[in-house]
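Derivation of every value follows stated rules applied to the coordinates shown; laboratory data play no part. In this text, all values refer to a predicted model and were calculated from it rather than measured experimentally.
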Amino acid sequence: MFDIGFLELLICGVIALLVLGPERLPSAARTAGRWVGNARRLMNQFSTELDRQIKAEELREQLRKAGDVGLDDVEKTVRDALDEAKKYEHLVVSDPSRQSPRPAPATPGIRKDTTAQSTPPSTDQPTDSESAQANDKDSPPETRS
């Protein structure tokens, strides 16, 4: 950007030290650094935006040139594809009168036991838990060895 060498920077630093003094020189250098950083960021943003605008204009120009194709070709292509699809429509769509009704899907894990509901339990016979207790009383106690 600017053609400033090391010698010129050294002279500017000595002059700034003499004018500002050692107390104010660090804060002045910090402020100058911020200004330079902001100026660089501004230039980068400007050049980036300029590049974007140039690319967008080139794209618009390409679209204008390609826009001469027109909608007629697209419409013709779509109609040809639909006509071709209609030729094979009979393979996909079947006659609704030929379809057999499908049974409802069974729910896994849930079954109705009709025999248990139709006969009530008799009171003459012991239940499973009562017979298990009776078997425990009849068997000898376990011994550990």
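Here are some notes:
- Cα gyration tensor category, rounded, prolate or oblate, for segment 11-85 with a/c compared to 1.5: prolate
- Here the Karplus relation 6.51 cos²θ - 1.76 cosθ + 1.60, evaluated at θ = phi - 60°, turns the backbone of segment 18-30 into coupling constants of 6, 6, 8, x, x, 7, 9, 5, x, 5, 5, 5, 4 Hz, with x for every Gly and Pro.
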